[in-house]
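J.: Just dropping this structure here.
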Amino acid sequence: MRDVAVLGVGQTKFGELWDRSFREIGIEAGLQALVDAKLSSADLGGLYLGNMASGSLLEQEHIAPLILDYAGLSGRHLPAVRVEGGGASGSLALHQGYLAVASGQYDFVVVGGAEKMTDVVEATANQIVSATADHEWEVVFGATLPALWALIARRHMHEFGTTREQLARVAVHDHEMASKNPLAHYRNKLSLEQVVGAGEVAEPLGVLDCAPLSDGAAAVVLGPLETAKRHTDTPIRIAASEVACDTMAVQHREKTTTLQSTVVAAEHAFRRARRAPSDVRVAEVHDAYTISALLALEDLGFVEKGKAGPEFASGRFGMNGSLTVNPSGGLKAQGRPFGAVGVAQVVEVVRQLRGEGKDRQVAGAALGLTHDVGGTGATSVVHLLERVN
Amino acid sequence: MSVARFWRETPRRYNLGGSKCTNCNTVYFPPRSVCPTCPSHRSTLEKMVPFQLSGDGTVYSFTVVHDAAEGFEMQVPYIVALVKTVEGPMLTGQVVDLAPADVKIGLRVRATFRKLREEGAAGVIHYGYKFAPAAEAGAGPEPRGRLAPVAGSPTGSSDRAPA
Amino acid sequence: MEAGIVSYGAYVPRYRITPGEIGRVWGVDGEGMGQGLNVIRKSVPAPDEDTITISTEALRVALARGGIDPQTIGALYVGSESHPYAVKPTATVVASAVGATPNLTAADFEFACKAGTAAIQTCLGLVGAEMIRYGVAIGTDTSQGAPGDALEYSASAGGAAFVIGREHVIARVRHTLSYTTDTPDFWRREGQRYPSHGGRFTGEPAYFRHVTECAKQMFARAGTGPTDYAHVVFHQPNGKFPQRVGKQLGFTEAQMKYGLVTPYIGNTYSGAALIGLSNVLDHAAAGERVLMVGYGSGAGSDAFDFDVTDEITNYDRTFGRPVQDFLDPGVEIPYSVYAKFRGKIHLGGS
């Protein structure tokens, strides 16, 4: 297995893209990444596309060859594979793309993530995303995806004393970060009072504790590290790409307040990269719900179990903290096109490691982490990315 | 409209028919064909037997849902809970016959039988378990009857033997 | 005959609405309506309750109390005029939910408010002919009156289940007889949401004629008079009709007391007489004799002469609520919530 590098990145605006179709946003991100990688499509080996629910949202399955076709590449008869794992689809596509290049069978692949969530009304979209939980034993009994995370949040509050305000701080932080991100769905800053006082979704989570439904696409170009300098002055090595799974339903978890899939994926990633959580300077973690972010910090190994609430509130994970979390604004503020977020997280971390973060630059970032989750934690994917000199 | 997918699960959804591994005595709901606990999963293929849950449990966590799942709009705000059954398995279900302000972790509940959702005005009606507050110990009769014994399973409770 | 009631269970949903609240919406003296009908409050089913769920709750209690193995049930009938499906029986879902399937016969009955008592008679026949060991007869309704109509003040939801057999009988049936005619006092055409009725025609030529004739024929068959019975239960579309017919037949208020439940829960249609009978059985002593005369529009009456046996002293009541719990005030709701729960608000779409 050879080392793999990210050679180029691309991303569309995230938001309600009424005038853009799924094909258009997929191609925009992919083309941007190819241009950024100075890669001719003649050298492209294939496409891995992360997408959660194009069938239910757009009545269109089989979308990987569709994107290649509309990118003008059908005549090259390249392989194109769609990868799905709920909200972790984008990261899983990256994992597959990474293995494809590492194995030596392919030299250059584009990994994309794309989702169009606003072509159906919100109630329909919310029902569709609940399909990433256990439909037969959770959803049919009235549990929505936010309701399941709310069950986890209530238990976390009961076991560790986490407060409503501590949850809300995650949203405040994300919006603060996204205010500097021109691609973000939401760029408005929020106050703690606004988040706590927002309408209820599934108590204790309110509207502003939950990531929005967004359209968007992101893409990266992967290639062998060995020849990366031909394509970019700042190749970023994938130091680890790990996937771990757990039970489908929250009710079957060993501990309601721990995502074992995240714990294991992170342990494997740090072991493979021969690094520790304390080496990470910038991280994009799964903050689909405010509780998800607190759990992520604990399960990734950045804070002790139960302590994420007070630790986050202390500012440790802000711009000037020892580890900056979600400089993009995260799923909450940058947006949550389900299949795209895992790739967008990598785009952000790569830009940070390259020093292209502009007014959101995390100083001295050399090792970055991305963390993506499917459903309520049945899948977790952790990537470690490092700047090479 | 999905007819078979729901019909297939009615023994589980109506009566909490689970399974038990006769090797390690762990009870599962929904039922499993392989025991995830035993070190040799494959050897448990012949060891899983039907097991009837009583429907008794306590609330382990709860949320009050305001943004309803499809089909539950008429019941907003409604309580969804993780219920830890006395036999061990944890279930997800609605808690009914209780004001949202009164639900708390540790509340004793018992399974009851309610409508889950309708597939529109012309489609099939789906029924299944929800949970209602159980009688406090020594405070009068248990409001609900018993769940139906799963065919071939020990009932776990002593029914008076019919004459 | 040897057969009779082996076990029983009743269930009434927890929500209540008062006639005063209903009248307020329609610009009518609702409290006056309530007084005229002798209905203090009526039950309202939650959006997730219907005739199938209520019947199941009631039967689960009956089976638990009687310690009855559901696989020994040979027949299960549910009588209602508000079955959730027009085609697909309530009885099969209930049978599945209590574990009685697959070795039994089942069907739904309809005869307005006497569908449940008709089911009891059918079970008595099957048990008596030794075709089955136990039969289940259930009467349940979640009926509605048209908004603003007189029936809206009384139409409510509830049900009761009876296990009929020959073993450990707590109320043996001495006699049962019926009086049936083609009388169009109250009806609902296929596809119509709400029933129609003949106004005052529903009184003397319908309810009173059939109940009275049936009761008198029962007295003749049984060789009894009103004083032979400790308790009497009539069908009770409101709280006034049964009191009047009871008095006309020579019964006292004390005899009618436990059987009269409509003032507290409204008219549960197919459940009404059966919930009244359940309340009587909650209070009856061994050796007492009970008369029940049901009535269903269309029209007919079924009468039953019961002997309460010694078995009632051993009857297990650790499951199920006493009927009195349901007669106590429940959770009161305003008309707006009632209309939402009962689907009276047009939601649009398909």
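J.: Taking the Cα atoms only, what angle lies between the long axis of helix A:164-178 and the longest principal axis of chain A, rounded to 10 degrees?
T.: Orientation of helix A:164-178: about 30 degrees from the principal axis.
J.: In addition: What number, rounded to the nearest 500 deg cm²/dmol, is the helix-based mean residue ellipticity at 222 nm of chain B, given -39500 (n - 2.57) per DSSP H run of at least four residues and division by all its residues?
T.: Values: 2 runs with 10 residues, N = 163.
Rounded to the nearest 500, the figure is -1000 deg cm²/dmol.
J.: For the residues C:Lys240, B:Lys115, what sequence is obtained by ranking on other C-beta atoms within 10 Å, fewest first?
T.: Details: C:Lys240 16, B:Lys115 20.
So the ranking, lowest neighbour count to highest, is C:Lys240, B:Lys115.
J.: Starting from the 7 Å offset along Cα-to-Cβ, what nm value, one decimal, do you get for the label separation of A:Leu99 and B:Ala99?
T.: Modelled inter-label distance: 5.5 nm.
J.: Count the net charge of all other residues whose Cβ sits under 11 Å from the Cβ of A:Asp209, scoring Lys and Arg as +1 and Asp and Glu as -1. Write out the running numbers ahead of the final one.
T.: Values: positive: A:Arg164, A:Arg169, A:Lys332; negative: A:Asp174, A:Glu200, A:Glu203, A:Asp287.
Result for the neighbourhood of A:Asp209: -1.
J.: Then there is this: For chain A, modelled as a Gaussian network with Cα springs under 10 Å, which listed residue fluctuates most, A:Ala147, A:Ala184, A:Ala114?
T.: A:Ala147
J.: Continuing with the same structure: Other chains' Cβ within 10 Å of B:112-122 residues: what's the mean? Before the final figure, lay out the partial values.
T.: Values: counts 7, 14, 9, 9, 4, 4, 2, 0, 2, 4, 1.
For this peptide, the per-residue mean of nearby foreign Cβ atoms is 5.
J.: Further question: Ignoring everything except DSSP H segments at least 4 long, calculate the 222 nm mean residue ellipticity for chain C; use -39,500 (n - 2.57) per segment, divide by total residues, nearest 500. Mind dumping the intermediate values first?
T.: Numbers: 12 runs with 109 residues, N = 350.
Calculated from helices alone, the mean residue ellipticity at 222 nm is -9000 deg cm²/dmol.
J.: In a Gaussian network model over chain B where Cα atoms closer than 10 Å are linked, find which of B:Ala148, B:Ala68, B:Ala111 has the largest mean-square fluctuation.
T.: Comparing B:Ala148, B:Ala68, B:Ala111 in a Gaussian network model of chain B, the most mobile one is B:Ala68.
J.: Right, next: Working from Cα positions, state the angle (0 to 90°, nearest 10) between the long axis of helix A:260-273 and the longest principal axis of chain A.
T.: Taking Cα atoms only, the helix is inclined about 40 degrees.
J.: Also, quick follow-up: Identify the chymotrypsin sites (Phe, Trp or Tyr not before Pro) of the range A:100-207 meeting these criteria: DSSP loop state and at most 14 other C-beta atoms within 10 Å of the C-beta.
T.: none
J.: Starting with the highest mean, order C:195-203, B:80-88 by the number of other Cβ atoms within 10 Å, averaged over the residues of each peptide.
T.: Most protected by this proxy first, the peptides run B:80-88, C:195-203.
J.: Quick check: the angle from helix A:89-103's long axis to the longest principal axis of chain A, C-alpha only, nearest 10 degrees?
T.: 40
J.: Which of the trypsin sites (Lys or Arg not before Pro) across the range A:127-222 are loop residues per DSSP, with 14 or fewer other Cβ within 10 Å?
T.: Listed in order of number, the matching sites are A:Lys189.
J.: For a quick check: with amide H placed at 1.01 Å from N, whose amide H comes under 5 Å from C:Thr183's, ignoring anything fewer than 5 positions away on the same chain?
T.: C:Gly298, C:Ala299
J.: Using only the alpha-carbon atoms of the range C:75-169, report the extent along each of the three principal axes, biggest first, to the nearest angstrom.
T.: 49, 24, 19
J.: Run through the range C:70-171 and list the GluC sites (Glu not before Pro) located in a DSSP loop whose Cβ has at most 10 other Cβ atoms within 10 Å.
T.: Values: sites: C:Glu81, C:Glu110, C:Glu130, C:Glu152, C:Glu167; in loops: C:Glu81, C:Glu110, C:Glu130, C:Glu167.
The qualifying sites are C:Glu130.
J.: Something else now. At 15 Å minimum axial length over the Cα atoms and a Kyte-Doolittle cut of 1.0, report the qualifying DSSP H helices in chain C, or say none.
T.: Values: long enough: C:51-66 (22 Å, 0.65); C:115-128 (20 Å, 1.29); C:209-222 (19 Å, -0.50); C:272-283 (17 Å, 1.03).
Answer set is C:115-128, C:272-283.
J.: Label point 7 Å out from A:Val207 along Cα-to-Cβ: which residues of the range A:269-298 have amide N under 18 Å?
T.: Residues A:289-290 qualify, since their backbone N sits under 18 Å from the label point.
J.: Can you tally the net charge around C:Leu260? Count Lys and Arg as +1, Asp and Glu as -1, for every other residue whose Cβ sits under 14 Å from the Cβ of C:Leu260. Don't skip to the answer; put the middle values down first.
T.: On the way: positive: C:Lys240, C:Arg244, C:Lys247, C:Lys257; negative: C:Glu253, C:Asp282.
So the surrounding residues net to +2.
J.: Further question: Using a cut-off of 12 Å between beta-carbons, work out the net charge of the residues near A:Trp149 (Lys and Arg +1, Asp and Glu -1, A:Trp149 not included). Working shown, then result.
T.: Details: positive: A:Arg154, A:Arg155; negative: A:Glu138, A:Glu203, A:Asp209, A:Asp287.
Once positives and negatives cancel, what remains is -2.
A short reminder: the numbers here are calculations on the coordinates, not readings from a lab. All values reported here derive from a predicted model rather than from experimental measurement. Cβ coordinates were reconstructed from backbone atoms using ideal geometry, including for glycine residues, and neighbour counts include every protein chain displayed.
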